[in-house]
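> Sharing a structure with you now.
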Amino acid sequence: MIGLQQIINSSFSLRLVSALAQRLWPRLGYPLAYFVGEQIARQRNSKLVRVVRANQWVIHGESLKGEALERVVRETFHHWARSIFDLYHYIDDPEGTRQLIVLEPSFQELVHRPEFERRGDRRGLVIVGLHVSNFDLILQWLCREGMKPLLLTIPDPQGGRRVEYEIRKRTGMNLVPASVGAFRQAIKHLQRGGMLVTGIDRPIPGPEACPCFFGRPAALPMHHIFLAAKAHAPVIVAATNLQEDGKYHVFASDLIEMDPYPDPAQGMLRNAEKVLTVAEEFIRRCPQQWSVPLPVWPQVMDLVPN
């Protein structure tokens, strides 16, 4: 039986959503997105909804239950659907996107940062993004505006992920699917003073170590730590959130330096947790805008209150 998540992630569904979003005005698209989000949230026993419920339960301190938890789940899907609509409605409208976003001072410094300059203490920079609100929309707009980081993506994208990959390529993003060769390329790029962008909150299967995230071991990647350490580059956490003015505000953390450890494995884990602690702060600002469709903490799936 085909699951809800398979349907949503299919190439057909993504092409359909993209086509509709580009043709509908927001005054029609937003109510439709809300309706779609509500219908998905009502599938309480589907794997996708159970995953989002578990993820939200953890980031809310494992304290929510009953209607309070279900309300948070609904709000998460409402926002997720709106973000998808905005992403594809504005994907070919740079001026419309410009009016929709606010680059906070902390992030403006990144936009104006010259790449490949090794003067003084200028180094490469690893920018790690979160699945909060609509970072994808902002990143695509920035790349069209002249920001040219190397973007490390999931390996071998399939279905809807492949469609996303092709759309991102079309907008001028410098995409490299993760692989050993891609890591070598990324290290050289950083050593030349370039910027690297990658995600850090999409779980991976069978991790060798699980960094602590919101108080629990999480099945999250640590490749960004490896790359930053190899290239002697700092890390910055970047995130966006939709605020009451109806605009996506974009923020960046301070530089996070990689601390040296005698044991490389221990260093990877501790530095990953150092970065995730900063990521937690961004997520806590707008928890219902954080939506990851995979279990970040697989061990809690059966612990969440019904």
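No value in this document is a laboratory result; all are computed from the given coordinates. Here the structure is a predicted model, which is why all the values come from computation and not from measurement. FYI the Cβ positions are ideal-geometry reconstructions off the backbone, even for glycines, and counts take in every protein chain you see.
> Can you list the HN-Hα couplings for segment 165-175, worked out from phi with the Karplus curve (6.51, -1.76, 1.60; θ = phi - 60°), rounded to whole Hz and with x for Gly and Pro?
Once rounded to whole Hz, the list reads 4, 5, 5, 5, 4, 5, 7, x, 6, 8, 8.
> Now for a different question. Mind putting a number on the dipole of the chain about its Cα centre? Charges go on the C-beta only, +1 for Lys and Arg and -1 for Asp and Glu, and I need it in Debye to the nearest 20. Walk me through the numbers on the way to the answer.
Working: 36 positive and 31 negative charges, 142 e Å.
So the magnitude is around 680 debye.
> I need the phi-derived Karplus couplings for segment 81-88: 6.51 cos²θ - 1.76 cosθ + 1.60, θ = phi - 60°, integer Hz, Gly and Pro marked x.
Each residue of segment 81-88 in turn: 5, 5, 4, 5, 4, 4, 4, 8 Hz.
> Ok, one more. In the chain, if the dipole is taken from +1 on Lys/Arg beta carbons and -1 on Asp/Glu beta carbons about the Cα centre, which of Ala182, Ala238, Trp80 is farthest to the positive end?
Ala182
> Between Asp263 and Lys169, what is the spin-label point distance in nm, taking each point 7 Å from the Cα along the Cα→C-beta axis?
For the pair Asp263/Lys169, the computed spacing is 4.2 nm.
> For Glu208 and Arg23 in one chain, what is 0.36 nm times their gap in residues minus the Cα-Cα distance, to one decimal in nm? All intermediate terms of the calculation are to be shown ahead of the outcome.
On the way: separation 185, 0.36 × 185 = 66.60 nm, distance 4.52 nm.
So the extension gain works out to 62.1 nm.
> Less than 18 Å apart at the alpha-carbon level, and either on another chain or at least 8 residues along: which lysines does that give for Lys230?
Straight-distance partners of Lys230: Lys188, Lys274.
> Sticking with this structure for a sec: Could you work out the helix-only [θ] at 222 nm for the chain, with each DSSP H run of four or more residues adding -39,500 (n - 2.57) and the total divided by the number of residues, to the nearest 500 deg cm²/dmol?
Values: 12 runs with 149 residues, N = 306.
For the chain, the value works out to -15500 deg cm²/dmol.
> Is the shape of the chain best called rounded, prolate or oblate, per the rule: a/c under 1.5 gives rounded, else a/b larger than b/c gives prolate, else oblate, with a ≥ b ≥ c the square roots of the Cα gyration tensor eigenvalues? Kindly include the intermediate steps, with their values, before the conclusion.
Working: a/c = 1.68, a/b = 1.22, b/c = 1.38.
Oblate.
> Turning to a different aspect of this structure: Report the gain in length on full extension from Ser63 to Glu145: 0.36 nm times residue separation, minus Cα-Cα distance, nm rounded to one decimal.
25.2 nm
> I need to check one value: relative contact order of the chain, counting alpha carbon pairs closer than 8 Å and at least 6 residues apart, in percent.
Numbers: 501 pairs, mean separation 75.7, N = 306.
In percent, rounded to a whole number, it is 25.
> Still on this model: Any lysines with Cα under 22 Å of the Lys47 Cα? List them, leaving off those in the same chain fewer than 8 positions away.
By straight Cα distance, Lys47 reaches Lys65.
> Would you mind ranking His112, His79 so that the residue whose beta carbon has the fewest other beta carbons within 10 Å leads the list? The partial results should precede the final answer.
Values: His112 7, His79 23.
Lowest count first: His112, His79.
> Using alpha carbon centroids, what distance separates segment 127-166 and segment 18-64, in Å?
Cα centres, segment 127-166 to segment 18-64: 21 Å.
> Please work out how much length the chain gains when fully extended from Lys230 to Arg98, using 0.36 nm per residue of separation minus the C-alpha to C-alpha distance, in nm with one decimal. It would help to have the intermediate numbers written out before the result.
Details: separation 132, 0.36 × 132 = 47.52 nm, distance 3.55 nm.
Extending this stretch completely gives an extra 44.0 nm.
> Next question, about the same structure. With +1 on the Cβ of every Lys and Arg and -1 on the Cβ of every Asp and Glu, and nothing else charged, how large is the dipole of segment 85-207 about its Cα centre, in debye rounded to the nearest 20? Intermediate results must be reported in sequence, preceding the final value.
On the way: 17 positive and 15 negative charges, 141 e Å.
It comes to approximately 680 debye.
> What percent do you get for the relative contact order of segment 76-184 when only Cα pairs under 8 Å and 6+ apart count?
Numbers: 70 pairs, mean separation 28.5, N = 109.
Relative contact order here is 26 percent.
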